[in-house]
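**Student:** Here it is: the structure, laid out below.
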Amino acid sequence: CVNTFKDSPEPWLYTGIVTGCLKIAHQSVFTDANNFTTYGMERAPYQTFFGFTKDETDRILEDFGLTRWGSEVDRWYDGYRMGMDRMYCPWSVLNFCADALNPKSDPSTIPSSYWVNTSGNDILLLYLEQAVKNNYSEDLGHLQELLNGIPQEITLQEFTTYPDMAKDGADFDTFMTLLLHTGYLTFADNSPLTDTVMVRIPNFEVKKAFAVKLKFLYGNKNPVWVKKTRTLLQLLLAGDAEAARFLINELLGEFISLRDTGQEYFYHGFMQGVLAPVAKFEGVVVTSEAEGGRGYADLALYQERTMTAVILEFKKCKNEYDARVKAARETARQITTKEYVKHFAPEDCSTLYGMAIGFGGKRCAIHNLGNLAATLPIRK
């Protein structure tokens, strides 16, 4: 027989199995190991060894008397494609069963994330930070589509060590290949399994891992994001619509959301989420659906120290320049005809800007009505 190790005349090991995420680096004349055969997620006959099949999962739930949880287990832990088979994450399924059977478990926490907590998810955050820092808007757009459930095409990359995300970063295909190897992505249902492939997020558990990192990336603990959003708030209070437009476009290009950007509420939520967390730094009150006159303005900002207010109204439109400009202009008329300025009293405001924003895709146009303080009705 052929020795497993070249320098061993009397080998103590004839056959061995090594498991892991990446291939073993043995393609070298300097390695002592012979005759490795690699079986990946796509290769028979061992692809079903990576997890539980549908039949195995159903049998486990039946044996434990947990069949009523079947649809939730599907949503949270199913979705991995191994070759031509559909697989469940075994660690998560077994931990779910343990918690579901434990009388001391809090029912509101079941199902939960199990597998994604077994290793550091910082690889996600490191890449996202690099992408935002370097303004990789196209890559961030692909990530947004993945979170919206749209599979993405990548060319698989070969590597035997983890790329250093913090030091050198990584291109999109390398990062996606790494996520595929480590279980954060899987092959799309009709994708080939080599070379150029289609990948997707497998299930809700993994999507929640992205959500945790996005919460940090766009939160008060990320100084880069806070600086930009605080600047935007200051620009709006200063009535600088053009500079605000440029910055909003930049923020939209860097922002990844778990919501669908095709809906108007996304833009409302985006602007409120951007401005509200930093408002306290500037002593600004942010009011959503601010009642005034004969309607409700999308957002209203008020800074008592400077007696300055801003009324913001949003409209979604086609992703075209002319459409954005038209939407902003039409929405500006809504601010005046519905008398949103009546949300503020004249004794409170020496400056009141009215701004209408037309959003299309990840771009916007702003129509600035200027200082409307003189139009405030005198209250008796």
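The values are calculated or read from the model by the stated rules, or taken from the named source; none is laboratory data. What you see is a predicted model; the values in this text were computed from it and never measured. Every residue, glycine as well, gets a Cβ built from its backbone with ideal geometry; the counts of neighbours run over all protein chains shown. Calculation scope for accessible area: heavy atoms of the full protein, side chains included, ligands and nucleic acids excluded. Shrake-Rupley method; radii C 1.70, N 1.55, O 1.52, S 1.80 Å.
**Student:** Filter region 355-369 down to the residues that are among the small types (Gly, Ala, Ser) and modelled with pLDDT of 95 or more, then identify the one that is farthest from Lys326 (Cα to Cα).
**Tutor:** Ala356
**Student:** So which residues in region 223-239 are out of contact with any strand residue (DSSP E or B) (no Cβ under 7 Å at 6 or more places or on another chain) and either touching a residue at least 24 places away in the same chain (Cβ under 8 Å) or surrounded by fewer than 16 Cβ atoms within 10 Å (Cβ to Cβ) (or both), if there are any at all?
**Tutor:** Pro223, Val224, Trp225, Val226, Lys227, Thr229, Arg230, Thr231, Leu232, Gln234, Ala238
**Student:** Output the residues belonging to region 69-88 that are among the charged types (D, E, K, R) and either under 16 Å from Asp189 (Cβ atoms) or outside any helix (DSSP H, G or I) (or both).
**Tutor:** Narrowing region 69-88 to residues among the charged types (D, E, K, R): 72, 74-75, 78, 81, 85-86.
The answer is Asp74, Asp78, Arg81, Asp85, Arg86.
**Student:** Still on this structure, please answer the following. Please go through region 36-68 and pick out each residue that is part of a helix (DSSP H, G or I) and under 27 Å from the mean Cα position of the chain (by Cα).
**Tutor:** Restricting attention to region 36-68, the residues satisfying the condition of being part of a helix (DSSP H, G or I) are 47-50, 54-63, 67-68.
Hit for region 36-68 is Phe50, nothing else.
**Student:** It is to be established whether one or more residues within region 81-102 are within 27 Å of the chain's Cα centre (by Cα), open to solvent by 20 Å² or more (accessible area, probe 1.4 Å) and among the β-branched types (Val, Ile, Thr).
**Tutor:** For region 81-102, residues within 27 Å of the chain's Cα centre (by Cα), open to solvent by 20 Å² or more (accessible area, probe 1.4 Å) and among the β-branched types (Val, Ile, Thr): absent.
**Student:** Return the total of residues in region 205-215 being open to solvent by 70 Å² or more (accessible area, probe 1.4 Å), at pLDDT below 85 and either touching a helix residue (DSSP H, G or I) at 6+ places or on another chain (Cβ under 8 Å) or not β-branched (Val, Ile, Thr) (or both).
**Tutor:** 1
**Student:** Do you know which residues across region 287-335 are more than 20 Å from Leu275 (Cβ to Cβ) and part of a strand (DSSP E or B)?
**Tutor:** Selection gives Gly295 alone.
**Student:** How about region 347-366: which of its residues are in contact with a Lys or Arg (Cβ under 9 Å, 6 or more places away or on another chain) and open to solvent by 40 Å² or more (accessible area, probe 1.4 Å)?
**Tutor:** Selection gives Glu347, Arg363.
**Student:** Let me ask another. Among the residues of region 293-309, what is the count of those that are in contact with a Gly (Cβ under 8 Å, 6 or more places away or on another chain) and touching a residue at least 24 places away in the same chain (Cβ under 8 Å)?
**Tutor:** Residues that pass the stated criteria total 3.
**Student:** In region 312-330, what count of residues is obtained for those that are crowded, with 21+ Cβ neighbours inside 10 Å and closer than 19 Å to Leu236 by Cβ?
**Tutor:** Within region 312-330, residues that are crowded, with 21+ Cβ neighbours inside 10 Å and closer than 19 Å to Leu236 by Cβ number 7.
**Student:** Test of understanding: among Lys133, Lys167, which residue is modelled with pLDDT under 80 and either more than 18 Å from the chain's Cα centre (by Cα) or over 27 Å from Val278 (Cα atoms) (or both)?
**Tutor:** Going through Lys133, Lys167 in turn, the sole match is Lys167.
**Student:** Among the numbered conditions (1) touching a Leu at 6+ places or on another chain (Cβ under 9 Å); (2) within 15 Å of Glu291 (Cβ to Cβ); (3) open to solvent by 30 Å² or more (accessible area, probe 1.4 Å), tell me where His343 comes up short.
**Tutor:** (1)
**Student:** Can you tell me which residues in region 180-210 are within 16 Å of Asp122 (Cα to Cα) and either among the small types (Gly, Ala, Ser) or assigned to a loop (DSSP other than H, G, I, E, B) (or both)?
**Tutor:** Correct list: Thr182, Gly183, Tyr184, Leu185, Ala209.
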